[in-house]
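Q: Would you mind keeping the following structure in view while I ask a few things?
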Amino acid sequence: MPDRVGLPWLSAGFLATTLAIVAAFFLPQAPTVSGLYVRTRIQAVYRGWQHKGGLPDSAKPFSSDGTLPGGKSLQTEKLDGEKALQILDKRYEILDKLNDPYLSYIARNTGIEPEYRNTLLLAAAANETFGAVFSAVIKIIFVITAAAVLAMFFLMITSAWGGTRRVFLKKQRQKKEDKGARRKEAAKKLKERPAASRFRQFADPFAAAARRDGDALVRYMWEAMLAWCYDYGSPCPADKTPFEFVKSKPDALDGFEEHALYIARLFTFSEYSGEKVGDEEIPSLKKFWTSLCALTRISDK
């Protein structure tokens, strides 16, 4: 016989045989004739004793409606190990009160009593096991559900954060691209209309032979930067102060904010403080002029 047929055949036969043996051990068996005879004799002897002044009828462990003492029903009570032992004790209690060990032994070990006892204890153990397993499964399901909910919230937050970050970066890139496009467009217009360029009218103030004082240089630098902003398409409104104009971040000053803030602060000091700009600011003003000329050359490219 091929292995693919023989091995499943042997496995199925072994499993069926094992199940039959287990079932034969636990399931109730039909009482034998000798067992029925012994139990009948026990009942006859007990009835004789009861009739002659034995146990009263009130000593019966079960009432006619199938309830336990105290009004508890066997059908509504949960069957567990403790309840099974209580049922067995009640079942043989009336015979144990006769104080006859042999009679109690016969009652417990003849007929279907062993199978009944095994089945009752097995059912109680199965109920307890099922209850423990069911409780554990419920807890596991709760833990898995809680973990799934937390994972879902984490994924939602991560996805939302990632989407917001991508949108923000996209807007930033788009803003830079728009600024670059506007700058190139402004530079193109300046090349096409050089006469309209105001910044081209400002020469290098440090190349002249005549020396200028600090206030004149600051005013010259400020006006040159405003001319550049006007040519680029970001003129300074008349109602804005130097600080307000620089902090509004016009497109013309993109990447030049630090230098623009420096000249705005110095110009405000020169115009409104009533004090003179000292010669120590000349190197910084030269650096500002060099940076401004570099900014215009980058835009021309």
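Q: For the stretch 92-121, which positions are part of a loop (DSSP other than H, G, I, E, B) and over 60 Å from the mean Cα position of the chain (by Cα)?
A: Within the stretch 92-121, 97, 98, 99, 100, 110, 111 qualify.
Q: Could you tell me whether residue 84 is modelled with pLDDT of 80 or more, exposed (fewer than 14 other Cβ atoms within 10 Å of the Cβ) and either of a type in the set (A, V, I, L, M) or part of a helix (DSSP H, G or I) (or both)?
A: no
Q: Test residue 262 against the stated conditions and say whether it is among the hydroxyl-bearing types (Ser, Thr, Tyr), buried (at least 17 other Cβ atoms within 10 Å of the Cβ) and under 15 Å from residue 291 (Cα atoms).
A: Yes.
Q: Still on this structure, I have one more. Of the residues that make up the stretch 136-149, is at least one small (Gly, Ala, Ser), over 30 Å from residue 78 (Cβ atoms) and surrounded by 10 or more Cβ atoms within 10 Å (Cβ to Cβ)?
A: Looking for residues that are small (Gly, Ala, Ser), over 30 Å from residue 78 (Cβ atoms) and surrounded by 10 or more Cβ atoms within 10 Å (Cβ to Cβ), one finds at least one in the stretch 136-149, hence yes.
Q: Go through the stretch 137-190 and give me each residue that's modelled with pLDDT of 85 or more and either among the polar types (S, T, N, Q) or assigned by TED's automatic domain parsing to the domain that holds residue 256 (or both).
A: Hit for the stretch 137-190 is 145, nothing else.
The values are calculated or read from the model by the stated rules, or taken from the named source; none is laboratory data. Note that this is a predicted model, so its numbers are computed, not measured. Note that each Cβ is placed from the backbone with ideal geometry, even for glycine, and that neighbours are counted across all protein chains shown.
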